[in-house]
C-alpha cells in the first residue's frame, strides 16, 4: 500500500470515528513511579551485581565520586539512574544481560 493510500485510509477512519461510525481502540499504559534509593539500598544492589564501585560507576555512566556519594548518603540518584538501579535490583545480572557490560 502506498503512503498516500495509508494516509487516506487513516483519515477516513478518523472521520468515521468522529461521526460515530467506528469504535476506536484504546490502549492504556501506566508507568511505575521512580523509586528513591537509600545509601544502603544502592550498596546492596551494587554488591548483589558483583561490581566494585569503579565498575558500578562505569555501568551507571557516572563518576566514582558520584557512587561514593550515593553510598554514603551525601547524594541520591534521580531519574534515569534510579530506573537503571530498579532494573539491576530486579535482576543483578542485568548489567551483562543488557549488553551494557561484558564479562
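All of the numbers you see were taken from the coordinates with simple rules; none came from a lab. Computed from a predicted structure; not experimentally measured. Please note: Cβ atoms are built from the backbone with ideal geometry, for glycine as well, and neighbour counts cover all protein chains shown.
Largest first and to the nearest Å, give the Cα extent of segment 39-97 along each principal axis.
Between the extreme Cα coordinates on each principal axis of segment 39-97 lie 29, 21, 19 Å.
Can you sort 100, 45 so the residue with the fewest Cβ neighbours within 10 Å comes first?
Sorted ascending by nearby Cβ count, the order is 100, 45.
Multiply the residue gap between residue 6 and residue 65 by 0.36 nm, knock off their C-alpha separation, and tell me the result in nm, one decimal place. Walk me through the numbers on the way to the answer.
On the way: separation 59, 0.36 × 59 = 21.24 nm, distance 5.29 nm.
This chain segment gains 16.0 nm when fully extended.
Compute the long axis of helix 79-90 from its Cα atoms, compare it with the longest principal axis of the Cα atoms of the chain, and write down the angle in degrees, 0 to 90, nearest 10.
80
Which residue fluctuates the most in the chain, going by a Gaussian network model with Cα springs under 10 Å, if the choices are 75, 23, 91?
Top of the fluctuation ranking is 23.
Taking only Cα atoms and a 10 Å spring cutoff, compute GNM fluctuations for the chain and point out the largest among 73, 50, 20.
Top of the fluctuation ranking is 20.
Build a GNM of the chain with springs between Cα atoms under 10 Å: which of 72, 30, 38 gets the top mean-square fluctuation?
Of 72, 30, 38, the most mobile in the Gaussian network model is 30.
Quick one: compute a quarter of the convex hull surface over the Cα atoms of the chain and quote it in nm². Write out the running numbers ahead of the final one.
Values: hull surface 43.1 nm².
Averaged projected hull area, Cα only: 10.8 nm².
What's the exposure ranking of 94, 17, 56, going from fewest to most Cβ atoms within 10 Å? Don't skip to the answer; put the middle values down first.
Values: 94 18, 17 12, 56 25.
Neighbour counts put them in this order, fewest first: 17, 94, 56.
What's the angle, to the nearest 10 degrees (0 to 90), between helix 3-18's Cα axis and the longest principal axis of the chain?
80
Counting other beta carbons within 10 Å of each residue's own, what order do 51, 11 fall into, fewest first? Don't skip to the end; give the middle numbers.
On the way: 51 20, 11 10.
Taking fewest neighbouring Cβ atoms as first place, the list is 11, 51.
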